[in-house]
Amino acid sequence: MNQLLNYITYLFKSTNLHGIHSPFVYKLVKDIIYNRKIKSPNFKAIENIRKSMVKNSYPMGGEDFGAGSLKKGSKKTIGQFATSSSKSAKYSKLLFRLAQWHQPKYAIELGTALGISTLYQASGFSNNTTFITLEGNSELANLALQNFDKMDSKKPELILGNFDETLEKALEKTPQLDWVFFDGNHKKKPTLRYFNQCLEKASENALFIFDDINWSNEMKEAWEEIKQSPDIYLSIDLFFLGLVFVKKRPQKENFVIRF
Ligand SMILES: C[S@@+](CC[C@H](N)C(=O)[O-])C[C@H]1O[C@@H](n2cnc3c(N)ncnc32)[C@H](O)[C@@H]1O
């Protein structure tokens, strides 16, 4: 119910191209965010992998980071998890377009799950991108690794374990950070902690993408604090995803864009 109200508020507050006064944001929205003509030859293969995951009726095992339980005593199947937790094709393709446009040298994803969003991002990155993805559930991580093997593109490195430990390990491997997709542990305190850890390594052009910024009050509060960070100059709220840019600009600007 809360999310429905949040969505209605978003529809009222959001603007399309006509309401964007910043030339940089106008071009980004027109050429990349709205441009569904940009495609990858990998889309079909990744969607086939998604389909095979959705059909998987094995109960989810492995460590529970809040994603596995349906209700007490019952377990989600891999298929139910794939349906509810992997980013949809619409948003995954947006991640691909942004990845291809941004071309980061060093990229991290928090929350690999079955590797669907990982494969979309990897398809957009160049072979020169160092891409590390983090997952805490060993069963999901194994399936993700099998899914990476089904693709010809450069494979990301997967680090297994709790973000509380693995993010530090990933940051040790990256001299700078140009891209982060935060898609796991949607609670306020850990989200802000991971954001601040990543910010310390952020390059001048870094783009950080947050999933589900309107999912709960905690995530809404986290998003407000992230936007207000003195190191963030530009934010774009797409309701299900939030984008923040670290690059210094003459003034701070926040956009709510209909997507
Ligand atoms: C929403 S799913 C990620 C979906 C994936 N990005 C996609 O769209 O295909 C979130 C994942 O984060 C993992 N996760 C959540 N909290 C975690 C934590 N503290 N440490 C490690 N993994 C965690 C969960 O196991 C789950 O697989």
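No value in this document is a laboratory result; all are computed from the given coordinates. Computed from a predicted structure; not experimentally measured. Quick reminder, even Gly has a Cβ in these numbers, built from the backbone with ideal geometry, and neighbours come from all protein chains shown.
Annotations for the structure displayed:
- Counted by neighbouring Cβ atoms within 10 Å, the residues E172, E135 run from fewest to most as E172, E135.
- Vicinal HN-Hα couplings computed from phi for the range 75-90 (Karplus, 6.51 cos²θ - 1.76 cosθ + 1.60; Hz; Gly/Pro x): 10, 5, 8, 4, x, 5, 5, 4, 5, 8, 10, 7, 4, 5, 4, 4
- Pairs of C-alpha atoms in the chain farther apart than 25 Å represent 42 percent of all such pairs.
- Separation of the M151 and K90 label points, Cα + 7 Å toward Cβ, nm: 2.2
- Relative packing of 99-106, 59-66, which averages over residues the other C-beta atoms within 10 Å, highest first: 99-106, 59-66
- What the Cα atoms of the range 1-143 give is an Rg and a Dmax of 17.6, 53 Å.
- Under Karplus coefficients 6.51, -1.76 and 1.60, residue-wise ³J(HN,Hα) of the range 145-155 in Hz, glycine/proline x: 4, 5, 5, 4, 5, 6, 9, 7, 5, 4, 8
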